[in-house]
1. Label position 7 Å from Cα toward Cβ: report the copy-to-copy distances for A:Gly265 in nm, one decimal, ordered from shortest.
2. Which aspartates and glutamates, on any chain, are close to B:Lys259 with Cα under 19 Å apart, when same-chain ones fewer than 8 places away are left out?
3. Could you size up the charge dipole of the range A:153-230 around its Cα centre, putting +1 on the beta carbon of Lys and Arg and -1 on that of Asp and Glu, and report it in debye to the nearest 20?
4. Just going by the charge dipole of the protein assembly as shown, with Lys and Arg at +1 and Asp and Glu at -1 on Cβ, which of A:Gly152, A:Pro127, B:Ser47 is farthest out on the positive end?
5. Restricting to bridges with both residues inside the protein assembly as shown, how much of the DSSP beta-bridge set is antiparallel, in percent to the nearest 5?
6. Using Stokes-Einstein with the Kirkwood hydrodynamic radius over Cα pairs, what translational diffusion coefficient do you get for chain B at 10 °C and a viscosity of 1.306 mPa s, in µm²/s rounded to a whole number?
7. Give me the dipole magnitude in Debye, nearest 20, for the range B:175-318 about the Cα centre, with unit charges on the beta carbon: positive for Lys and Arg, negative for Asp and Glu.
8. In percent, what relative contact order does the range B:62-115 have, based on Cα pairs under 8 Å that are 6 or more apart in sequence?
Number of protein chains: 2
Amino acid sequence: MKTFVTGAAGFIGSNVVDRLLDDGHEVVGYDNFSTGQERFLVHAHHSDAFCMVHGDVLDLPRLSAAMSGCDVVFHFAANADVRFGLDHPKRDLEQNTIATFNVLEAMRATGVKRIAFSSTGSIYGEPSQFPTPENVAFPLQTSLYGASKLAGESLIQAYCEGYGFEGYIFRFVSILGERYSHGHIFDFYRSLRENPDELRVLGNGRQRKSYLYIQDCIDAILLAMQHPASCVHVYNLGTDEYCEVNQSIGWITESLGVKPRLSYGGGERGWVGDSPFIFLDCSKIRSLGWTPKVTIRDGVIRTLDYLRANPWVYEVRG
Amino acid sequence: MKTFVTGAAGFIGSNVVDRLLDDGHEVVGYDNFSTGQERFLVHAHHSDAFCMVHGDVLDLPRLSAAMSGCDVVFHFAANADVRFGLDHPKRDLEQNTIATFNVLEAMRATGVKRIAFSSTGSIYGEPSQFPTPENVAFPLQTSLYGASKLAGESLIQAYCEGYGFEGYIFRFVSILGERYSHGHIFDFYRSLRENPDELRVLGNGRQRKSYLYIQDCIDAILLAMQHPASCVHVYNLGTDEYCEVNQSIGWITESLGVKPRLSYGGGERGWVGDSPFIFLDCSKIRSLGWTPKVTIRDGVIRTLDYLRANPWVYEVRG
């Protein structure tokens with residue numbers, strides 16, 4: 001199978017690239033390297049089945065040319081910065097909504113019919129039900145990130161109905177693991193490297209979040225795609241557990257052997273539009289036989305170990 | 001109150017302009033006249049409280065300049081062509097999603113905080129529940145029009161949360177009445193003028209649809225806006241009835257005194273992405289004291305009477 005991966009140099013995209021290559025597929029990677037890293041592709045470049053195109057998903061002619069001849073698209077290019085969306089509202093619109101439109105148009109132009117899409121549990125906003133199933137009551141959007149991802153989902157759904165595409169939409173919790181370079185563990189470890197005696201925490205530390213280890217995430221995606229959708233399938237991807245930010249801090253500081261004084265920004269939310277509780281009902285993907293192998297605690301530790309072994313990630317991401 | 005109306009020369013927009021002027025408000029109208037009609041603004045232009053700006057919602061500097069100093073935005077500019085969305089997928093993205101983003105950005109630039117938005121029952125796709133309440137199970141999108149309007153809603157919701165906007169989102173059924181110039185009555189009357197002996201019907205004629213008379217629609221919008229939202233309010237707007245396309249054909253042909261032979265395209269849906277059944281639960285807006293005054297049947301007849309009295313609408317709309 002010849003696969004096309006947008007955001008191929010990103011955290012999730014590059015791990016998907018490696019897995020697809022290991023599984024014997026051809027991979028065309030596509031990335032503008034705005035946040036992606038060449039170093040995430042070292043393993044991939046060893047393979048004859050991999051080629052990388054430097055390009056922007058907003059450049060439709062280039063995107064279409066690169067996609068030509070592929071059988072399936074993994075669309076993982078995105079602006080993944082949830083927290084600072086309000087500082088630059090156009091970024092989510094362009095990178096998540098218009099970019100997804102372009103991917104769909106490139107597919108239409110090149111005759112590719114299958115797409116996997118990285119959506120997010122953030123589209124549930126502050127849901128009425130926990131754990132939150134895919135068919136929860138129609139939610140209101142609380143972040144530009146969530147709004148832009150829901151717009152992307154909606155476009156995929158309409159293309160499936162209108163043009164006979166086959167869509168696999170995955171609503172992720174936060175993903176952890178090797179090449180993670182964005183999020184609370186990234187921020188906490190940087191802070192503790194600089195000053196192990198103090199840690200500033202957004203919100204009250206009681207925010208409850210769910211996390212999933214990257215290889216478990218990829219297992220689920222590839223399993224779901226073995227069950228062809230007549231049209232469009234939507235799956236939550238997460239674990240059957242959640243943790244408080246404070247618990248995660250406990251695992252991190254214990255692992256580092258530090259005992260910082262904690263100071264809290266206060267409030268239930270880390271920032272405007274933050275979801276104080278994310279916990280997805282994943283029984284739909286589990287019904288296909290998938291089970292996550294790594295607990296949240298172990299995912300946090302593995303992520304921390306990765307960051308400790310790869311300080312260069314901090315140099316390039318600032 | 002100084003109001004700003006996008007799509008001011010359209011069917012719904014121009015009726016809203018007239019009502020706002022009659023209620024003693026100032027109105028700045030904004031329209032690119034791609035489908036809007038100067039003749040819909042004849043009444044408005046008699047008022048000293050009205051000024052019209054010819055401009056495109058995709059032109060953000062012009063939009064912001066025109067909006068400056070207003071208190072509230074009625075955002076009704078849209079691509080309302082549901083049926084032919086698949087022929088030009090970019091139109092819905094630009095005219096409904098990006099346009100709404102621009103309206104929100106213009107509001108942010110000019111300090112306007114209140115917005116009313118014309119969304120659609122089409123965002124429910126093929127819902128799991130009838131009549132469909134606002135908090136029905138998270139639906140899948142079946143049309144580019146629905147997808148683009150849901151994206152617009154989602155942006156408004158995120159701006160309300162993130163920037164303290166106050167949003168009123170109205171999910172319309174099809175609207176009927178004076179200045180109607182698009183939809184099944186428009187198409188059927190045109191066909192019957194040309195050939196009263198035959199009428200071609202999309203689908204099997206059993207599609208069940210709900211309709212609302214324009215003045216009832218405006219009553220509901222203005223009433224809802226008297227109940228300030230702390231953040232964002234979503235209301236279905238429709239009647240407590242629906243009709244089959246065949247019933248509507250009966251009212252039209254009876255009123256015209258013709259007995260055409262009916263031929264059907266077949267299938268449950270009029271076109272790909274058509275909803276075979278639209279029937280909204282409007283108890284939320286009704287709980288504010290609103291009741292529609294015009295039945296679907298009377299709305300159809302009034303619309304037909306308008307079209308009979310205004311054949312120029314066919315000349316300009318082809």
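Bear in mind that the values in this text are calculations on the coordinates, not laboratory data. Owing to the predicted nature of the structure, the values given are computational and were not obtained by experimental measurement. So basically every Cβ, Gly included, is an ideal-geometry build from the backbone, and we count neighbours across all protein chains shown.
1. Distances to the matching label points in the other copies: 5.1 nm.
2. Of all the aspartates and glutamates, those that pass the test against B:Lys259 - Cα under 19 Å, at least 8 places apart if same chain - are B:Asp187, B:Glu194, B:Asp197, B:Glu198, B:Glu244, B:Asp305.
3. 300 debye
4. The residue sitting farthest along the positive end of the dipole is A:Pro127.
5. Working: 5 of 85 bridges.
For the protein assembly as shown, the DSSP antiparallel bridge percentage is about 5.
6. Rounded to a whole number, D works out at 80 µm²/s.
7. My answer is approximately 80 debye.
8. So the answer I get is 60 percent.
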